[in-house]
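Accompanying notes for the structure given below.
The values are calculated or read from the model by the stated rules, or taken from the named source; none is laboratory data. Here the structure is a predicted model, which is why all the values come from computation and not from measurement. We place every Cβ from the backbone using ideal geometry, glycine too, and count neighbours over all the protein chains shown. The area values use the complete protein model at the heavy-atom level, side chains included, leaving out ligands, DNA and RNA. Shrake-Rupley method; radii C 1.70, N 1.55, O 1.52, S 1.80 Å.
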Amino acid sequence: MIQIINPGNMFRKIHLLGLLAFCLGDFAAAQERKPINLKECSYLYTGYGLNDAKPEQGAFTGGRVIYALKDSIHREMTKMIVDAINGYWDAGIQHATMEIDQTSAMFRQYPKFKPKLPKNYSDKWELFFRIVDKEYQLVPFLNMQTTGYAGNYVFECKVLNGADGSEVFSRSMEVVMEFGFKPDGCYILKNIPGLPATFLEGFNEAIKTFFSTSAPPVYTTTLKPACLFIDLATASQIKRTIRFERSGNTLQVVEGPDIGWSPKPMEREKSSKTKRKGSGIGSGLVALAGLDNTKERSKTTKFITRINMEDKSTGVLYGFYIPIEETTTEEVTTVQTKSNGSSSYEKEVGPAQVSRKIDGTAQILRGSDTIGWFNIQQTPTGKSPDNLNYMWDGKDSASIKPMPGHWNTSGPYNLMSIKGQLYGKEILFTNSKGGNQLDVWYDNLHVATFKTEDYLPREGILYNVEIPDEVLKVLGMLTSLPFGYYM
């Protein structure tokens, strides 16, 4: 039996199927759509955020700059979102408020995006848009970040029919921002997702891509990184950059002079008798009277700490002998207990607090020969020229912008200086420019700048000053001392 198909019916079926698919997928130009209301616009970030005013509580643990927390950038981002929505749907939205909230910092979790409306809510389509700032990968407790990523975001949008709450549009897109070319001699500010203007440019392209007819599941963009500003006069004196590679406890220059060393475990030798102060034994009568019966006891001991470092090319041991005074303080509380009609008193000891200070001049040895000495001084806050409060792209001086000082480093640091002599010439180290780098002077000449991570040098700048590799090696070893232990 032959069935005759009416061409008109076939055309109507194809037309209806096509229209149905269009409405279910992308309804940007759908004739039947209702007016769109921007019901929710939110920005959710994980971890701790650093705004331009002051760090939030706990921000020094994995803290990073959230540009959306900065009012001027927040306004620009919100306008870009509204413009992208209007450009896609011709929605006619005049303004919006982007709400910002923080989610779990420990597990990097964020709630699922499931907006809902009560039935018969309105005669409009209600649009919900959310950005999740997932941060870059952070290894807990080590503060080691995936250095190539400037940010990782998820854009999510749902549109619900205001009449019955049914979903008429849903889309999600992951946005990966990567650091682009790093200029020679500059250190990327990893806490900052690129220069502000570059970040906004990348964000705008991402949001326009999201609200388009060809939004991919993953969108990747490259940002011009923000660098620590080194004044142009200093930058012009850069001779070369060097890079260190870590393998276990060995540091080796892999780009630059053939220099490498292995720090050995710290050794401590007691150099004086322990002095004790306070017994910490409270009075039973005081405890019975209900008065303050907490006492303090402490002990102070002087040590010589020795850190040896083996020269990987010659096997020679270099020694750094640093005298310290260590004080351990405990609070002891006398507690009254009653049993069978009688009272007894017991001591409860609180956690010990340890403080250290440098107690004299440190010595530098090569084998058994003393080749230098130094003192470590802590600089009072506000007394040191902590002037690295500018960022730039490393090339264009017009890109130099001021920034809050706390954007420069991932945590608090102690301002300090190291002064002494090496091979009969003066040496000076300062970390007063952000805490994550050491500027080095030798014989009154600025010879190098070392970037440090976890108290070990990672990169360096050598300036147009000629010094022997033997001297540079010892200066590098000095940068790998655990200064935080002595402060």
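Select from segment 163-178 the residues that are open to solvent by less than 50 Å² (accessible area, probe 1.4 Å) and not in a loop (DSSP other than H, G, I, E, B) and write down the one among them that is farthest from residue 194 (Cα to Cα). Give the derivation first.
So in segment 163-178, the residues open to solvent by less than 50 Å² (accessible area, probe 1.4 Å) come out as 163, 165-166, 168-169, 171, 173, 175-177.
With the extra rule that they be not in a loop (DSSP other than H, G, I, E, B), the set shrinks to 168-169, 171, 173, 175-177.
Numbers: 168: 36, 169: 32, 171: 27, 173: 21, 175: 15, 176: 13, 177: 9 Å.
Only one residue fits best here, namely 168.
Out of 167, 156, which single residue is at pLDDT 95 or above and either of a type outside the set (S, T, N, Q) or out of contact with any helix residue (DSSP H, G or I) (no Cβ under 6 Å at 6 or more places or on another chain) (or both)? Working first, answer last.
Details: 167 fails: at pLDDT 95 or above.
Criteria check complete, one pass: 156.
Out of all the residues in segment 261-278, is one or more at pLDDT below 85, open to solvent by less than 70 Å² (accessible area, probe 1.4 Å) and closer than 30 Å to residue 458 by Cβ?
No: zero hits.
Could you look through segment 361-401, keep only residues that are part of a loop (DSSP other than H, G, I, E, B), open to solvent by 90 Å² or more (accessible area, probe 1.4 Å) and polar (S, T, N, Q), and pick out the one that is modelled with the lowest pLDDT?
Filtering first and then ranking leaves 381.
State which residue is surrounded by the most Cβ atoms within 10 Å (Cβ to Cβ) when the search covers only segment 179-201 and only residues that are outside any loop (DSSP other than H, G, I, E, B) and more than 18 Å from the chain's Cα centre (by Cα).
Just the residues of segment 179-201 that are outside any loop (DSSP other than H, G, I, E, B), to begin with: 179, 188, 196-201.
Cutting the leftovers down to more than 18 Å from the chain's Cα centre (by Cα) gives us 197-198, 200-201.
Working: 197: 14, 198: 21, 200: 16, 201: 15.
The selected residue is 198.
Count, please, the residues in segment 162-180 that happen to be free of Cβ contacts under 8 Å to residues at least 12 places away in the same chain and hydroxyl-bearing (Ser, Thr, Tyr). Write out each step before concluding.
At the first step, the residues of segment 162-180 found to be free of Cβ contacts under 8 Å to residues at least 12 places away in the same chain are 166-167.
If we keep only those that are hydroxyl-bearing (Ser, Thr, Tyr) as well, we get 166.
The number of residues fulfilling the criteria is 1.
Might you check whether a residue that is surrounded by 14 or more Cβ atoms within 10 Å (Cβ to Cβ) and either farther than 24 Å from residue 46 by Cβ or at pLDDT below 80 (or both) occurs anywhere in segment 218-226?
Of the residues in segment 218-226, the ones surrounded by 14 or more Cβ atoms within 10 Å (Cβ to Cβ) are 219, 221-226.
Right, trim to either farther than 24 Å from residue 46 by Cβ or at pLDDT below 80 (or both) and you get 224.
Within segment 218-226, one or more residues are surrounded by 14 or more Cβ atoms within 10 Å (Cβ to Cβ) and either farther than 24 Å from residue 46 by Cβ or at pLDDT below 80 (or both).
If I ask for residues that are surrounded by fewer than 16 Cβ atoms within 10 Å (Cβ to Cβ) and either among the aliphatic types (A, V, I, L, M) or touching a Ser or Thr at 6+ places or on another chain (Cβ under 6 Å) (or both), which ones from segment 307-316 would you list?
316
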